[in-house]
Amino acid sequence: PTLLVHEGKVIPEHLAREGVDLEELMAALREHGLMNLKDVLAAVLEVDGTISVIPRDHVAPKRLRKVRSSRNR
């Protein structure tokens, strides 16, 4: 995976290295409902060629507690 956007800022050398143009990146953002780079926490070019987008207002998942299984007793 290659980071294309970090905290609303495009990483031009990563776009160039991966052959992704700005129009393609912006289309991916729109597909995720984001119209502006400032609303993007991160955008990642995945190994399968898709672009994953994490919005800035993304809520991190809570950590799960370890629970003892009754089967192990």
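The values are calculated or read from the model by the stated rules, or taken from the named source; none is laboratory data. None of the values given here were measured: they were computed from a predicted structure. Note that each Cβ is placed from the backbone with ideal geometry, even for glycine, and that neighbours are counted across all protein chains shown.
Miscellaneous remarks
- Filtering the stretch 45-59 to residues that are part of a loop (DSSP other than H, G, I, E, B) and among the hydroxyl-bearing types (Ser, Thr, Tyr) leaves only THR50.
- Residues (of a type outside the set (Asp, Glu), assigned to a helix (DSSP H, G or I) and loosely packed, with under 11 Cβ neighbours inside 10 Å) located in the stretch 1-29: PRO12, ALA16
- Qualifying residue in the stretch 51-62 (condition: at pLDDT below 95, hydroxyl-bearing (Ser, Thr, Tyr) and exposed (fewer than 12 other Cβ atoms within 10 Å of the Cβ)): no
- Considering residues of the stretch 6-51 that are touching a residue at least 40 places away in the same chain (Cβ under 8 Å) and at negative phi only, the residue farthest from the chain's Cα centre (by Cα): VAL47
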